[in-house]
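Below is one structure, written out as structure tokens; comments come after it.
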Amino acid sequence: MSYLLVLYYSSGGRTRDLAHLIAKGIESEGVEALIRAVPKVSANNESTESVVPDEGDCYATIEELENSLGLAVGSPTRFGNMAAPLKYFIDQTSNCWMNGKLASKPVSFFTSSSSLHGGQESTLLSMMIPFLHHGMLVVGLPYSEVELLRTQSGGTPYGVSHWDGEGNNNQISQSEQSLALAQGKRLAVLAQKLNRE
Ligand SMILES: Cc1cc2nc3c(=O)[nH]c(=O)nc-3n(C[C@H](O)[C@H](O)[C@H](O)COP(=O)(O)O)c2cc1C
């Protein structure tokens, strides 16, 4: 089993769009990308979700997380931070953390927000914290990716982002698309190098 896990939460579908572009970038390097979502957090604390949702990508399991070569992790920006469903999933990874299952593997991040300066960077940075506790190696985007300098929409050195706009209907821009593909490629190249050692 050698795959990179693209793990995300998305309510309106934009973070999901970035997840699929990053997966395309990963697969362009000959590495399998396993795309998995996390379920909404239920208002009813006792209710549980099946791993097969009614539509969209399957929900991730902890085993899939542990067995991956590395991760791309995405969430919508919510008050400048990751959305609760992703944090809820991460909070179930304490066994994985204690056993060091993710240590020394690469991880990169992506997000989507309505406003251009509404907390993309803080969301990307805050998503890094739990994975640093896991001992993972954070992979950003270098400025040799020229779209970082040219973008009029999303895209940061901390990871790719999408600017969804006031009505949440901006399409993924050319710059965002190119950065998402580049991020997937970079993650795949690094994961293969690290896995060889
Ligand atoms: C509770 C909540 C909080 C949000 N907070 C922010 C925010 O801090 N900054 C921002 O620009 N957009 C914010 N948004 C908008 C989402 O980030 C935006 O719609 C995003 O594109 C949704 O991604 P998705 O389509 O993957 O669900 C918020 C939305 C919700 C529902």
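The values are calculated or read from the model by the stated rules, or taken from the named source; none is laboratory data. This structure is a prediction, so every number in the text was calculated from the model and none was measured. All Cβ positions, even for glycine, are placed from backbone atoms using ideal geometry, and neighbour counts span all protein chains on display. Side chains are part of the model used for accessible areas, which takes the heavy atoms of the whole protein and leaves out ligands, DNA and RNA. Shrake-Rupley method; radii C 1.70, N 1.55, O 1.52, S 1.80 Å.
Laid out as a table, the results:
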item	result
Residue match in the range 51-66 (condition: in contact (Cβ under 8 Å) with a residue 12 or more places away in the chain, more than 16 Å from ALA19 (Cβ to Cβ) and open to solvent by 60 Å² or more (accessible area, probe 1.4 Å))	no
Selection from the range 88-104 of residues that are open to solvent by 20 Å² or more (accessible area, probe 1.4 Å) and either in contact with a helix residue (DSSP H, G or I) (Cβ under 8 Å, 6 or more places away or on another chain) or part of a loop (DSSP other than H, G, I, E, B) (or both)	ASP91, GLN92, ASN95, TRP97, ASN99, GLY100, LYS101, ALA103, SER104
Unmet criterion (only one of (1) aliphatic (A, V, I, L, M); (2) at pLDDT 95 or above; (3) within 13 Å of the ligand (Cβ to nearest atom)) for VAL41	(2)
Meets criteria (within 16 Å of the ligand (Cβ to nearest atom), of a type in the set (D, E, K, R), surrounded by fewer than 21 Cβ atoms within 10 Å (Cβ to Cβ) and outside any strand (DSSP E or B)) for GLU166	yes
Search result, residues across the range 84-121 that are within 15 Å of the ligand (Cβ to nearest atom), aliphatic (A, V, I, L, M) and over 12 Å from the mean Cα position of the chain (by Cα)	ALA84, LEU116
Residue tally, condition crowded, with 16+ Cβ neighbours inside 10 Å, in a loop (DSSP other than H, G, I, E, B) and more than 12 Å from the ligand (Cβ to nearest atom), over the range 8-37	2
Criterion (closer than 21 Å to ARG16 by Cα, aliphatic (A, V, I, L, M) and away from the ligand (no atom under 14 Å from the Cβ)) met by exactly one of VAL73, VAL138, VAL146	VAL138
Filter result (among the hydroxyl-bearing types (Ser, Thr, Tyr) and open to solvent by 30 Å² or more (accessible area, probe 1.4 Å)) within the range 105-146	SER114, SER115, SER122, TYR143, SER144
Cβ pairs under 6 Å, 6+ apart, first in the range 164-193 and over 21 Å from SER153 (Cα atoms), second open to solvent by less than 10 Å² (accessible area, probe 1.4 Å) and of a type in the set (S, T, N, Q)	LEU187/SER108
